[in-house]
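The values are calculated or read from the model by the stated rules, or taken from the named source; none is laboratory data. What you see is a predicted model; the values in this text were computed from it and never measured. Glycine gets a Cβ as well: all are built from the backbone with ideal geometry, and neighbour counts include every protein chain shown.
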Amino acid sequence: MVLVLALGDLHIPHRAPDLPAKFKSMLVPGKIQHIICTGNLCIKEVHDYLKSLCPDLHITRGEYDEDARYPETKTVTIGQFKLGLCHGHQRKLVCSCIECIKVVPWGDLDSLAMLQRQLDVDILVTGHTHQFKAYKHEGGVVINPGSGTGAHSSITYDVNPSFVLMDIDGLRVVVYVYELIDGEVKVDKIDFKKTATMHG
């Protein structure tokens, strides 16, 4: 069993002062093996806080991040799953040595499926919409952990703070979404099993 924290779109301190206290009390060092972040941490102090929770930290760059060294995309293998990470704000072509990435409109299923194929991953974790989503699509899994702080997006101010904890065990991944609604943390669970049509 491997626990992977997925979060992003924190926008600290510009749109939110910090992670909600109820989330911070749940996120303690030594419990999580990997953290993947879709970007828009904005400041180094947030990076340092996440690194204090877990040294195995993977971040892609959001359009408001101060640190331009974060990559546009990243892949990481955890257990039997290959995960791809991308913020999702890319409106223009972002070219690597072979492929070009364009996510238009934001959160579009077909654009995300194409990105998942380009990265050749089982699970694509993306952000930018500030809304939690997890679904199976074209043989893979797409997860958007939402905004960890509940920061507003350019489309809506109605954003509940959320993050995702993935429990990866063999060919199975259980996705737990933690969402702060009316001051209470609500948890939902979605179960995915790796199939022959997924990566590898």
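Test Ile32 against the criterion of being within 24 Å of Arg15 (Cβ to Cβ) and hydrophobic (A, V, I, L, M, F, W, C), and give yes or no. So that I can check it myself, show each step before the final result.
Values: within 24 Å of Arg15 (Cβ to Cβ): no; hydrophobic (A, V, I, L, M, F, W, C): yes.
For Ile32, the condition - within 24 Å of Arg15 (Cβ to Cβ) and hydrophobic (A, V, I, L, M, F, W, C) - is not met.
Quick check on my filter: what residues within segment 35-57 are outside any helix (DSSP H, G or I), surrounded by 22 or more Cβ atoms within 10 Å (Cβ to Cβ) and of a type outside the set (Gly, Ala, Ser)?
Going through segment 35-57, the residues outside any helix (DSSP H, G or I) turn out to be 35-43, 54-57.
If we keep only those that are surrounded by 22 or more Cβ atoms within 10 Å (Cβ to Cβ) too, we end up with 36-42.
Hits for segment 35-57 are Ile36, Cys37, Thr38, Asn40, Leu41, Cys42.
Taking only segment 38-61 into account, find how many residues are closer than 16 Å to Gly150 by Cβ and in contact (Cβ under 8 Å) with a residue 40 or more places away in the chain. Explain how you work it out, then say what you get.
Here is the first cut: in segment 38-61, the residues closer than 16 Å to Gly150 by Cβ are 38, 40-42, 46.
Filter once more, keeping what is in contact (Cβ under 8 Å) with a residue 40 or more places away in the chain: 38, 40.
Residues meeting the conditions: 2.
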Inset, instruction - Name the single residue, out of those in segment 1-22 being within 16 Å of the chain's Cα centre (by Cα) and modelled with pLDDT of 95 or more, that is farthest from Arg61 (Cα to Cα). - result: Leu3
Inset, instruction - Restricting attention to segment 108-161, report how many residues are surrounded by fewer than 17 Cβ atoms within 10 Å (Cβ to Cβ) and part of a loop (DSSP other than H, G, I, E, B). - result: 11
Inset, instruction - Kindly check whether there is at least one residue in segment 13-24 that is under 15 Å from Leu83 (Cα atoms) and free of Cβ contacts under 8 Å to residues at least 60 places away in the same chain. - result: no
Legend entry - Only listed residue being among the small types (Gly, Ala, Ser), more than 15 Å from the chain's Cα centre (by Cα) and modelled with pLDDT of 80 or more, chosen from Gly84, Gly62, Gly79: Gly79
